[in-house]
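The values are calculated or read from the model by the stated rules, or taken from the named source; none is laboratory data. Owing to the predicted nature of the structure, the values given are computational and were not obtained by experimental measurement. Note that we place each Cβ from the backbone using ideal geometry, even for glycine, and neighbour counts take in every protein chain shown. Quick note on the areas: whole protein, heavy atoms, side chains included, nothing else; ligands and nucleic acids left out. Shrake-Rupley method; radii C 1.70, N 1.55, O 1.52, S 1.80 Å.
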Amino acid sequence: MAYLRRRSGSKYWFAQWNDPVSGKKITRSTKVEAKGGNRRKAQDIADEFEEETKKVRTEIQVRKVLNDLHTRITGNNVVVKTVREVFDEWIDNQSGGISRNSLLAYRGSY
């Protein structure tokens, strides 16, 4: 569970929680002033930070599981390409069909 702490020299509450994968502590400002009635609000924000960290890990886990299943079924890994890789392939496929100036303009656009 996320918890709150104060840092000397700061007027804000800071959330702190453990990364579920690495085990390292994560500290992040809640941007909520450390005044009397604000603690509950700051704790809610801290809990949201922690939940978001877990969701990111869940997405990574889902991707790994799906890749593993795909590999077991087809014998091939899932190929994940960056936008740059897809764009480069598209430009290479266009080489014979568009002018040299258009190719240069496309390559210069990213």
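Pairs are defined by a Cβ separation below 8 Å, a sequence spacing of at least 6 or placement on different chains, a first member in segment 49-69 that is over 30 Å from Trp13 (Cβ atoms), and a second member that is open to solvent by less than 80 Å² (accessible area, probe 1.4 Å) and of a type outside the set (S, T, N, Q); the pairs so defined are Leu66/Val78; Asn67/Val78. Filter segment 76-88 for residues that are surrounded by 11 or more Cβ atoms within 10 Å (Cβ to Cβ) and under 23 Å from the mean Cα position of the chain (by Cα); which is farthest from Tyr106 (Cα to Cα)? Result: Val78. In segment 1-13, of all residues being in a strand (DSSP E or B) and of a type in the set (Ser, Thr, Tyr), the one that is farthest from Thr58 (Cα to Cα) corresponds to Tyr12. Pairs linking a residue in segment 14-41 that is over 15 Å from Val56 (Cα atoms) to a residue that is open to solvent by 60 Å² or more (accessible area, probe 1.4 Å) and aromatic (Phe, Trp, Tyr), with Cβ atoms under 7 Å and 6 or more positions apart or on different chains, are Gln16/Tyr3; Ser29/Tyr12; Thr30/Tyr12; Lys31/Tyr12; Val32/Tyr12; Glu33/Tyr12; Ala34/Tyr12. Per the conditions (1) of a type in the set (Asp, Glu); (2) open to solvent by 100 Å² or more (accessible area, probe 1.4 Å); (3) under 13 Å from Arg6 (Cβ atoms), the sole criterion not satisfied by Glu33 is (2). You will find that of Ile45, Ile73, Ile91, the residue that is in a helix (DSSP H, G or I), out of contact with any Leu (no Cβ under 6 Å at 6 or more places or on another chain), surrounded by fewer than 10 Cβ atoms within 10 Å (Cβ to Cβ) and not basic (Lys, Arg) is Ile73 and no other. For segment 95-110, a residue qualifies if it is in contact with a helix residue (DSSP H, G or I) (Cβ under 7 Å, 6 or more places away or on another chain) and either surrounded by 10 or more Cβ atoms within 10 Å (Cβ to Cβ) or charged (D, E, K, R) (or both), and the qualifying residues are Leu103, Tyr106, Arg107.
Kindly check whether there is at least one residue in segment 28-41 that is modelled with pLDDT under 90, acidic (Asp, Glu) and farther than 30 Å from Tyr110 by Cβ. There is no residue in segment 28-41 that is modelled with pLDDT under 90, acidic (Asp, Glu) and farther than 30 Å from Tyr110 by Cβ.
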